[in-house]
Amino acid sequence: MTWPDLQIAGRLLREHVAVPERPASAVTARAALIERLTRSRARVHTWRVASVLAAALAIAVPLGWLLHASSRGSISFKVGPEGRAGQLGAYVSPPAGAHWDIAFSDGSRVALQPLSHARVTRTMPNGAEVLLENGQARVDVVHRPTTSWSVVAGPYTVRVTGTSFDLSFDARTQTLEVTVHAGAVRVEGPGIDSPVEIRGAQQFVHHAGSPEASSVADARRASVSPTDVGKPDGHPANAEPDTADPPESSEVPAGRLLTPDPNGRRTAAAQETSWAELSRQGSYGAVVAQAEKRGLSQALKSASANDLMALGHAARFVGRKDMASSAYLAVRSRFTSSADAAAAAFFLGRMLESSPAQAVIWYERYVAEAPSGAWIPEALGRRMVLLRKSGDEKAALEAARAYLVRFPRGPYAGVAREMTAEF
Amino acid sequence: MQRATTPQPDSLPGRLLMLPASATPERALLDGLIAQHPNAVAALYDRYVGLVRRVLVRTLGNDRDLDDLTQDVFITVVRRCPTLRDPDALRSFIVSVVLRIARNELRKRAIRRLVGLEETSGLGASMPHDAAVAQGIRHLYSALDRLDANSRAAFILRHVEGCNLAETAAGCGCSLATVKRWLARAEKRFAALARGDHVLREFLDSAREQS
């Protein structure tokens with residue numbers, strides 16, 4: 001039977017559009033409703049008069065704008081070093097070592113890093129919508145009074161008025177990084193309750209795949225290490241996944257901003273001693289320094305699970321893998337059976353990927369201990385890739401098939417399909 | 001009209017299916033609402049806020065101004081409930097108010113979009129995490145944006161909320177023949193839009209294969 005398109009569309013909306021069924025502050029909303037009802041009785045007449053005036057304006061103003069807008073066409077764009085005319089929806093992906101520009105006729109520009117994947121999905125007289133599927137881009141938008149520019153990166157939307165910023169989206173980890181150099185942008189997406197505005201010299205990092213969201217640090221952290229290329233799964237790494245990992249604490253608020261002061265010192269919460277808090281602010285060096293000052297062995301015995309996880313993340317981010325391992329292992333030994341202990345297994349797996357067999361064991365522990373954890377798609381995907389890397393083709397094939405059954409659209413689904421076809 | 005036996009109106013996860021009667025006395029609630037008693041208003045809000053928000057988001061395609069529109073729905077329901085004769089029809093009445101407000105909002109947004117005042121639509125916090133699905137959903141709503149507000153509202157009730165034709169007509173406040181005409185028009189227009197959008201076409205075909 002052939003299902004009509006609308007019926008399929010209805011099913012897709014039912015399945016994929018998550019609806020926030022209750023407002024965050026239902027009690028306040030309910031109280032406001034009652035208060036508004038009480039007040040509104042006296043204002044009905046006023047509203048009727050206002051409605052008539054508004055209706056008149058609603059006809060007059062749009063007509064004026066319509067005449068103005070209809071006199072302009074959508075902007076055009078050119079792609080690549082040869083400046084070929086761009087097509088809406090066409091796939092743009094510079095090869096390794098190449099940087100391609102998407103140059104728009106209004107003077108705006110999107111500079112794609114090598115191996116990034118993007119499309120221009122919509123153009124308008126006053127802007128365009130660009131979809132960054134994976135990778136990094138430098139976006140320079142020329143400011144005009146009615147500019148309507150947006151860049152969609154996975155589930156996120158970055159709205160732009162006129163600014164310069166770097167954007168990175170890692171489809172595997174569902175991690176977004178936005179570093180604003182000038183002007184301001186607004187970021188919306190899953191896990192971000194209300195749009196986050198990011199202004200000059202700020203960096204915003206957010207992870208969509210987990211209930212936790214990571215923080216924002218100062219823009220000087222924005223550079224991407226060239227050593228990212230050649231991750232164990234062979235996927236081009238366009239952002240530093242380690243730095244994008246959110247602290248494994250459910251207390252982390254979504255989308256935090258930290259602005260550096262003019263002298264480069266951190267201005268927010270610099271006096272706080274909680275490592276979890278410092279880590280959220282991106283002060284990883286300070287976390288490591290405090291741990292050393294206190295004495296690592298003492299810290300491992302006395303710090304809370306949150307702080308130990310923060311220490312593990314911070315140490316990993318600054319390259320102190322020995323300290324990170326100690327912190328994660330301490331969480332596992334001191335807080336057995338906790339969610340943090342399971343998460344520590346996942347991060348130990350990530351750190352040990354140079355030894356695939358060990359990493360696989362840690363990932364399997366994480367899966368066993370947190371069967372519905374936030375990192376399950378990652379853990380199963382990485383385990384699958386590592387099994388292939390270690391030459392265990394049979395196990396890798398089984399893992400790939402199982403992955404596709406469980407996560408047919410997951411971050412490693414593409415790799416899994418390649419593996420099932422390959423074997 | 002056939003009614004579901006589900007005791008709690010919002011216990012159906014993500015679907016309206018039908019417009020079932022609540023197990024709690026609707027007559028008492030309606031009397032309280034007519035008197036604009038705060039307890040009745042609070043009970044109405046608690047019982048139906050999930051339904052209202054869900055239909056609004058799915059109809060509009062984003063959660064912008066959701067809290068304000070939700071308030072507008074409840075204000076309208078409370079003001080107009082004295083005209084409601086059958087207390088058991090309260091839920092259907094609320095759905096019809098939601099759709100009327102959503103259709104008005106869609107018309108306003110269409111005008112704003114036409115004159116370049118409306119920003120690109122997006123689901124915001126409701127957007128799926130999977131990038132490919134999110135892209136498909138964006139294109140789907142982009143196509144829905146090009147349907148007229150009546151057809152879109154009928155589509156939401158019939159194909160997203162799962163109402164039968166009679167319930168869809170009641171929710172849209174029109175006759176059965178009219179709602180059939182709206183749905184036929186929506187199907188024809190949507191199919192044409194999907195033919196011209198390869199991303200949407202691929203998204204629908206992929207879902208059809210999984211049916």
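Before moving on, here are some points about what is shown:
- Length available on full extension from A:Ser93 to A:Ser372: 0.36 nm per residue minus the Cα-Cα distance, which gives 97.0 nm.
- Per residue of A:154-160, other chain Cβ atoms within 10 Å of the residue Cβ number 6 on average.
- Cross-link partners of B:Lys180 among lysines, defined as those whose alpha carbon lies under 16 angstrom from its own and excluding same-chain residues fewer than eight positions apart: B:Lys188.
- With a Förster radius of 35 Å applied to the C-beta separation of A:Arg409 and A:Ser354, the computed FRET efficiency comes to 0.75.
- Protein heavy-atom accessible area occluded, B/A pair - total, 1.4 Å probe, Å²: 5700 Å²
- For region B:160-211, the Kirkwood estimate of hydrodynamic radius, built from reciprocal distances between every pair of different alpha carbons, is 12.6 Å.
- For the residues of A:407-416, the average number of beta carbons from a partner chain within 10 Å of their own beta carbon is 2.
- In terms of distances greater than 25 angstrom between alpha carbons, the cross-link table entries A:Lys301/A:Lys389; A:Lys293/A:Lys321; A:Lys301/A:Lys321 yield A:Lys301/A:Lys389.
- Figure note: B:Phe93, A:Phe347 ranked by solvent-accessible area, largest first, 1.4 Å probe, ligands and nucleic acids not counted: B:Phe93, A:Phe347.
- Extending 7 Å from the Cα toward the beta-carbon at both B:Asp86 and A:Thr28 defines two label points whose distance is 4.0 nm.
- Cα-projected label distance for B:Ala177 with B:Arg107, points at 7 Å along beta-carbon direction, nm: 2.3 nm
- Environment charge of B:Thr59, counting only residues whose C-beta is closer than 10 Å and scoring Lys/Arg +1, Asp/Glu -1: +2
The values are calculated or read from the model by the stated rules, or taken from the named source; none is laboratory data. None of the values given here were measured: they were computed from a predicted structure. Positions of Cβ are generated from backbone atoms using ideal geometry, with glycine treated the same way; all protein chains shown enter the neighbour counts. Side chains included, ligands, DNA and RNA excluded: accessible areas come from the protein's heavy atoms. Shrake-Rupley method; radii C 1.70, N 1.55, O 1.52, S 1.80 Å.
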